[in-house]
Amino acid sequence: MRHFFACSLAALAVLLAPAAQANNLQVQVSTYATVPGTADQLYLTVNLGWEHSWRDSENWDAAWVFVKYLDRSTPGAEWRTATLATADADHLVTPSFVLNAAADGKGAFVYRATPGNGIVNGLVTLRWNGAADGVQFNAMSHFDVRVLGVEMVHIPEGPFNLNALESGPLTNEFVSVQGSLSSVTSEGALPAGAIRWVNDTGTGGTGHELSVGSVSYPGSAALPPTYPKGYAAMYCMKYETTQGQYTDFLNTLTRAQQQRRVAVDISADAPAGGKTYVTADATTAAQAFRNTIQCPAFGMGTIDPVVFFCDRPDRAHNFAIWADCAAYLDWAGLRPLSELEYEKIARGPLPVVANELAGGTSATTAALTISGPEDGTETTDAGAAYAYGFQNFVGGDAGNGPLRAGIFATAATTRAQAGAGYYGVLELSGNVWERCVTVADSDAFLPTNAAAFSSLVHGDGLLDAQGNHDVGTWPNSTDVRGSNFRGGNWSRPAEWAAVSDRQYGGSAVAGRTSHRGIRGGRSASSLSGPAHGTNGTTFDAAKYTGGSYDGYSVGAVTVIVVGLRDEAAARAATAAPNPTATATVLRLDEATPALLDGTLTLTDALGRPVRTISHLSGEAVRVERGAVAPGVYFYQLTDAGRGRVATGRVVFE
């Protein structure tokens, strides 16, 4: 389940909201302070952690962490992406993590430093380069800041196989004919027609046709080295974008931008036609195909942005048109996947299995039921691995539509049981359609400009005034040619969910329907390889396991600068003994006034409160371990009228 952690910092006082569930990617803003000697550099320290993490000889999962800010001291200001320092060494992480900063400053990848699986957690201190954003941190500063985390999977460099033989159940699948490729072995340029496919329907793409007897095989565009062919290392979102993620995205846009990213006219005080289900263009939940994103029924005004909400934040987002997909990825500093990357992510380095789905076999078992409340912990049929076939679900909220992200991965699932791609990416087959960039030269004999798509260009965090992406090398937001669909969805047959199926592999459709979703990725920098941390020597099947949804989190903070002080003053206490097996005493330093009516909050490494002690006074606080499990814990002392007094950590052995 995605959670929004609200933090209020006034005169550098911090109040952290508790995490509501254990199985989540957790991002909690802990402290902030200017970099000593600067007025335009800010350290933001967050508690970061998630369960079901892994790192093995092949790859690892990671959090893509980026920062959004709103300058409250400037009337009419819009949410923007904070530029982070581009050198890894300018950021700080605890030994459990490795951090790779993005070269464009739009975020950073954080992942476990050593082989293993299970919970990973620790502190991450990000350096915000305010100078690059024209931002000063002084007595007039007032910012709303959100630190966002999206779980990703590292896809290593290496070759992979393409479908080579025609298959009756598939449509427009790649084939090897008269020397066209059956594998991808580099990112080097490919001549026109290097990749070919069966022309079953004409929607697989057109151009560069090769006739063999009476059969015509269209061919790919001439693809330069910059077109992402799947060989190079990259990161892919572990899950499809959820309704909670899309709601948070909408809530950082202007009113005009919001209008373009929903299906309903929201320009008036109430939505047109009473259609409060704004992405589904519906008035009731029953009409919305399990999409729960809503606006108020009235009272929206006509100028200020609408505040959207959703009832099922962990459910995969549907009703996404290409323009929505590209806008979200631009906003998040990511990029679309190419359809070659899609096949690599799903199949990995293994041989092609005829008619295989993402789980590596042709076996298909559809989900039919939902067990438990749909709060991110719900499960489905034990033998199911995919959502397809327009099932009318029984249980939960019931109805037709997508399921929650990661629902098929449980504590002990194999790849086939989880329906997972080779590297651990989930729901690549079924649920909602993946939007990729085609290799086809033409779509119904109109140019796709696919060759312009570049692995070097990512979203910059900004949209145009109408809410569209502004990346010139991506398919545009009007005719959308160059975009396609891969992997099937909840409403279509199992054959469409096959990895090699290209039912609409070269056909761009701009319309909004109930089975289209969002997933993206980002190219890995040259610094993001195994030299940072260590890889294991074995393949860890833990990448195919899971539990409650754990793929997304937001930590929020309001930064009101009223005379900044350094971090030492924010940790004006010592804990001794530390580590301890029984108890520790927190003692304020001589420069810090005694507590008058203080409160101690003790949280675990995932930000979950484990103890609160109120009405404290004096210069020392004794903290008994009691029933607290061994581990690292973070304490915060606040005092009435003074806000935060001290923070730090204690280790219980």
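Tabulated results
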read-out: A646 being open to solvent by 50 Å² or more (accessible area, probe 1.4 Å), closer than 30 Å to W50 by Cα, at pLDDT below 85 and among the hydrophobic types (A, V, I, L, M, F, W, C); value: no
read-out: Unique match (being at pLDDT 95 or above, hydroxyl-bearing (S, T, Y), under 26 Å from E166 (Cβ atoms) and part of a loop (DSSP other than H, G, I, E, B)) among S477, S514, S500; value: S500
read-out: Strands (runs of 3 or more DSSP E) (entirely within the stretch 1-103) containing at least 1 residues that are modelled with pLDDT of 80 or more; value: 26-34, 41-55, 61-71, 97-101
read-out: Residue check, G626 surrounded by fewer than 20 Cβ atoms within 10 Å (Cβ to Cβ) and either within 17 Å of D597 (Cβ to Cβ) or touching a Phe, Trp or Tyr at 6+ places or on another chain (Cβ under 9 Å) (or both); value: no
read-out: Qualifying residue in the stretch 268-289 (condition: in contact with a helix residue (DSSP H, G or I) (Cβ under 8 Å, 6 or more places away or on another chain) and within 28 Å of S523 (Cβ to Cβ)); value: no
read-out: Matching residues, the stretch 270-282, being outside any loop (DSSP other than H, G, I, E, B) and open to solvent by 20 Å² or more (accessible area, probe 1.4 Å); value: A272, G273, G274, Y277
read-out: One residue from G472, G421, G459 being closer than 23 Å to G244 by Cα and not in a strand (DSSP E or B); value: G459
read-out: Of the criteria (1) out of contact with any strand residue (DSSP E or B) (no Cβ under 8 Å at 6 or more places or on another chain); (2) closer than 28 Å to A63 by Cβ, which one P191 fails; value: (2)
read-out: Residue satisfying all of: in the stretch 618-653; of a type in the set (V, I, T) and under 33 Å from the mean Cα position of the chain (by Cα); farthest from R587 (Cα to Cα) among these; value: V628
read-out: Failed item in (1) surrounded by fewer than 16 Cβ atoms within 10 Å (Cβ to Cβ); (2) closer than 25 Å to S96 by Cα, with A594 passing the rest; value: (2)
read-out: Members of the stretch 117-131 found to be open to solvent by 20 Å² or more (accessible area, probe 1.4 Å) and in contact with a Leu (Cβ under 9 Å, 6 or more places away or on another chain), listed by number; value: I119, N121, L123, R127, N129
read-out: Residue tally, condition open to solvent by less than 10 Å² (accessible area, probe 1.4 Å) and β-branched (V, I, T), over the stretch 398-412; value: 1
read-out: Top-ranked residue in the stretch 283-298 [being of a type in the set (A, V, I, L, M, F, W, C) and surrounded by 21 or more Cβ atoms within 10 Å (Cβ to Cβ); ranked as nearest to R315 (Cα to Cα)]; value: I293
read-out: Flag for N468 being open to solvent by 30 Å² or more (accessible area, probe 1.4 Å) and farther than 20 Å from K344 by Cα; value: no
read-out: Which listed residue is surrounded by 17 or more Cβ atoms within 10 Å (Cβ to Cβ) and over 15 Å from A332 (Cβ atoms), from A85, A108, A77, A102; value: A85
read-out: Whichever residue in the stretch 283-337 is in a helix (DSSP H, G or I) and of a type in the set (D, E) and, among such residues, is nearest to T83 (Cα to Cα); value: D330
read-out: Count of residues meeting criterion [touching a strand residue (DSSP E or B) at 6+ places or on another chain (Cβ under 7 Å), open to solvent by less than 20 Å² (accessible area, probe 1.4 Å) and outside any strand (DSSP E or B)] in the stretch 358-373; value: 1
read-out: Every residue from the stretch 118-160 that is over 20 Å from the mean Cα position of the chain (by Cα) and within 30 Å of A346 (Cα to Cα); value: E157, G158, P159, F160
read-out: Hits in the stretch 211-257 (condition: touching a Phe, Trp or Tyr at 6+ places or on another chain (Cβ under 7 Å) and either within 30 Å of M300 (Cβ to Cβ) or part of a helix (DSSP H, G or I) (or both)); value: T241, T242, G244, Q245, Y246, T247, F249, L250, N251, T252
read-out: Any hit, the stretch 191-212, residues being in contact with a helix residue (DSSP H, G or I) (Cβ under 6 Å, 6 or more places away or on another chain) and open to solvent by less than 30 Å² (accessible area, probe 1.4 Å); value: no
read-out: Residue count, the stretch 140-180 (criterion: open to solvent by 20 Å² or more (accessible area, probe 1.4 Å) and touching a Leu at 6+ places or on another chain (Cβ under 6 Å)); value: 1
read-out: Of all residues making up the stretch 543-598, the number that are modelled with pLDDT of 80 or more and of a type in the set (V, I, T); value: 7
read-out: Output for the stretch 374-397, where each listed residue is open to solvent by less than 50 Å² (accessible area, probe 1.4 Å), part of a loop (DSSP other than H, G, I, E, B) and of a type in the set (A, V, I, L, M, F, W, C); value: A384, A385, A387
read-out: The lone exception for S491 - which of (1) within 30 Å of D550 (Cα to Cα); (2) touching a Leu at 6+ places or on another chain (Cβ under 8 Å); (3) open to solvent by 10 Å² or more (accessible area, probe 1.4 Å) it fails; value: (2)
read-out: Scope the stretch 517-540; condition at pLDDT 95 or above, touching an Asp or Glu at 6+ places or on another chain (Cβ under 6 Å) and open to solvent by 10 Å² or more (accessible area, probe 1.4 Å); matching residues; value: none
read-out: Meets criteria (touching a residue at least 60 places away in the same chain (Cβ under 8 Å), open to solvent by less than 10 Å² (accessible area, probe 1.4 Å) and under 30 Å from A189 (Cα atoms)) for G230; value: yes
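Rundown of residues vs (1) in contact with a Phe, Trp or Tyr (Cβ under 9 Å, 6 or more places away or on another chain); (2) closer than 18 Å to G488 by Cβ; (3) modelled with pLDDT of 95 or more, yes/no style:
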{"residue": "A354", "(1), (2), (3)": "no, yes, yes"}
{"residue": "L357", "(1), (2), (3)": "yes, yes, yes"}
{"residue": "A384", "(1), (2), (3)": "yes, yes, yes"}
{"residue": "F393", "(1), (2), (3)": "no, yes, yes"}
{"residue": "G401", "(1), (2), (3)": "yes, yes, yes"}
{"residue": "G419", "(1), (2), (3)": "yes, yes, yes"}
{"residue": "G424", "(1), (2), (3)": "yes, no, yes"}
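The values are calculated or read from the model by the stated rules, or taken from the named source; none is laboratory data. Everything numeric in this text was worked out from a predicted model, so none of it was measured. All Cβ positions, even for glycine, are placed from backbone atoms using ideal geometry, and neighbour counts span all protein chains on display. Accessible surface is based on the protein model in full, side chains and every heavy atom, while ligands, DNA and RNA are left aside. Shrake-Rupley method; radii C 1.70, N 1.55, O 1.52, S 1.80 Å.
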